[in-house]
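Trainee: Mind looking over this structure? Questions follow.
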Amino acid sequence: MEKTIIKNIGLIVSGDINNPILEGNTVVMEDGIITAVGGEALLAGINEKSTDVKVIDAKGITLTPGLIDSHVHTSIGDYAPRQKTLDFISSALHGGVTTMISAGEAHIPGRPKDPAGTKALAVLAAKSYENARPAGVKVHGGALILEKGLTEKDFEELKEQGVWLVGEIGLGSVKKPEDAAPMVEWAHKNGFKVQMHTGGTSIPGSSTVTAADVMATKPDVVSHINGGPTAISLEEVDRIMDETDFALEIVQCGNPKVADYVARQAAKKGMLERIIFGNDAPSGTGLIPLGIIRNVCQLSSVSEIAPEQALCMASGNTTKVYGLNTGVIAVGREADLVLMDAPMGSVGNNALEAISAGDIPGISMVWIDGKLLVNKSRNTPPAKTQAVVL
């Protein structure tokens, strides 16, 4: 049993948007789980020189939960067919992303569009990512793309095979509420989480989806409420916010004006816990390895959301929507963590001040299940202070 201790933490962002800053400066991990969060008293009785103990000196910088990308069009492995790009998931890890959620493997060459084929693709992707994590990232793949002809029994069979996501409705032949709503009921009956495309078309094969379509279909997540990349009107945004309780997903590959509007309205209406962050990449808009932390910076610096709350949108808010055991720094949670600081040259004195100023923080270290996978990001600016392994 290996124990990892992170001490001398300057600030702990919890991931819980209702209590975003934790007291303490020390976190202990064992066997991939957070076992203690608190002050230096946690170190009493621990032999820091033991071969079974790894000690990290955070040097006063900020600890956050691992970030979550709620909208990724994965394929198989760490390859993006649409952009012909390798290792995009590994690059996202160096941007602090420890978990990804598929919105549908829509870019698979020759993607099957019949019921048997779409089911087979979902099972293949789900099991492939379960068996082989790219760069260690927890990829929840195999989001079923809805095609006409699927039955309730199909959802029961998929559940038995470990599939639990429905990719954003609108990618397949099922587009309108009259076809989608019954399938969403079958999905929910079998424990699936359902996403739905919102806004104008993104790529050939997708469709325009209005607020009325979303409200009639009743998904769990309003995929890219700020457009993917074309957004619905601000009036339709208000309808979704006021007349539903669906999660509101803001993506980097979307409309920045509408992202700002959603954030400001959510703050005004007390709905910040509904906002989650995705990239919507790889897509026609491209690949953005730092997309999730860019979302954090955008909402904090432009939309005047507190940086610790924006970080919670990128972590704990998403785990609450999808029922995951990560994204929050608390005893019993999976030890997916990020140490970050203001980047060199920033006007900010720490990660939160840098984010408020619009600067991408420098990522020092990233853990997944308590394993140190990044010891200085290759993609972010260098941190003013780098944590060290003692």
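The values are calculated or read from the model by the stated rules, or taken from the named source; none is laboratory data. Keep in mind the model is a prediction, meaning the values are calculated, not measured. Reconstructed Cβ throughout: ideal geometry from the backbone, glycine too, with neighbour counts over all protein chains shown. Keep in mind that these areas ignore ligands, DNA and RNA; they rest on the heavy atoms of the full protein, side chains included. Shrake-Rupley method; radii C 1.70, N 1.55, O 1.52, S 1.80 Å.
Trainee: Which condition breaks for Ile292 when tested against (1) of a type in the set (A, V, I, L, M); (2) farther than 30 Å from His188 by Cα; (3) within 14 Å of the chain's Cα centre (by Cα)?
Mentor: Of everything listed in (1) of a type in the set (A, V, I, L, M); (2) farther than 30 Å from His188 by Cα; (3) within 14 Å of the chain's Cα centre (by Cα), Ile292 misses just condition (2).
Trainee: A further question follows. Just to verify a result, which residue in the range 130-163, among those that are part of a loop (DSSP other than H, G, I, E, B) and closer than 25 Å to Leu373 by Cβ, is most open to solvent (accessible area, probe 1.4 Å)?
Mentor: The extreme case among them is Arg133.
Trainee: For the range 330-352, which positions are surrounded by fewer than 22 Cβ atoms within 10 Å (Cβ to Cβ) and without any contact (Cβ under 8 Å) to a residue 40 or more places away in the chain?
Mentor: Matches in the range 330-352: Gly345, Val347, Gly348, Asn349.
Trainee: Can you report the number of residues in the range 118-129 which are open to solvent by 50 Å² or more (accessible area, probe 1.4 Å) and over 22 Å from Val184 (Cα atoms)?
Mentor: Here the count works out to 1.
Trainee: Examine the range 10-27 for a residue that is within 30 Å of Gln195 (Cα to Cα) and either free of Cβ contacts under 8 Å to residues at least 40 places away in the same chain or touching a Lys or Arg at 6+ places or on another chain (Cβ under 6 Å) (or both), and state whether such a residue exists.
Mentor: Yes, the range 10-27 contains a residue that is within 30 Å of Gln195 (Cα to Cα) and either free of Cβ contacts under 8 Å to residues at least 40 places away in the same chain or touching a Lys or Arg at 6+ places or on another chain (Cβ under 6 Å) (or both).
Trainee: Is there a residue in the range 301-316 that is open to solvent by 20 Å² or more (accessible area, probe 1.4 Å), assigned to a loop (DSSP other than H, G, I, E, B), farther than 24 Å from Gly24 by Cα and touching a residue at least 24 places away in the same chain (Cβ under 8 Å)?
Mentor: Within the range 301-316 (the criterion being open to solvent by 20 Å² or more (accessible area, probe 1.4 Å), assigned to a loop (DSSP other than H, G, I, E, B), farther than 24 Å from Gly24 by Cα and touching a residue at least 24 places away in the same chain (Cβ under 8 Å)), the answer is yes, since at least one residue qualifies.
Trainee: Follow-up question, since we're still on this one. Can you give me the number of residues within the range 263-300 that are open to solvent by 40 Å² or more (accessible area, probe 1.4 Å) and in a loop (DSSP other than H, G, I, E, B)?
Mentor: Final tally of qualifying residues: 6.
Trainee: Among what's in the range 193-206 and is in contact with an Asp or Glu (Cβ under 9 Å, 6 or more places away or on another chain) and either among the β-branched types (Val, Ile, Thr) or in a loop (DSSP other than H, G, I, E, B) (or both), pick the residue that is modelled with the highest pLDDT.
Mentor: Val194
Trainee: Next up: From the list Thr380, Thr319, which one is out of contact with any Phe, Trp or Tyr (no Cβ under 9 Å at 6 or more places or on another chain), modelled with pLDDT of 95 or more and open to solvent by less than 10 Å² (accessible area, probe 1.4 Å)?
Mentor: Residue meeting the stated conditions: Thr319.
Trainee: Then there is this: Among Thr35, Thr98, which is the only one that is under 19 Å from Lys376 (Cβ atoms), in contact with a Lys or Arg (Cβ under 9 Å, 6 or more places away or on another chain) and touching a residue at least 60 places away in the same chain (Cβ under 8 Å)?
Mentor: Numbers: Thr35 fails: under 19 Å from Lys376 (Cβ atoms).
Just a single option satisfies the conditions, and that option is Thr98.
Trainee: So, one more: What number of residues within the range 151-162 are in contact with a Lys or Arg (Cβ under 8 Å, 6 or more places away or on another chain) and of a type outside the set (S, T, N, Q)?
Mentor: The number of residues fulfilling the criteria is 6.
Trainee: For the range 1-104, which fully contained strands (runs of 3 or more DSSP E) count at least 1 residues that are more than 24 Å from the chain's Cα centre (by Cα)?
Mentor: Passing ranges, in order: 3-7, 26-30, 33-38, 53-57.
Trainee: Between a residue in the range 69-93 that is on the phi < 0 side of the Ramachandran plot and any residue that is open to solvent by 60 Å² or more (accessible area, probe 1.4 Å) and hydrophobic (A, V, I, L, M, F, W, C), which pairs come within a Cβ distance under 9 Å, given they are 6 or more apart or on different chains?
Mentor: Final answer for the pair search is Ile76/Leu124; Asp78/Leu86; Tyr79/Leu86; Ala80/Leu86; Leu93/Leu373.
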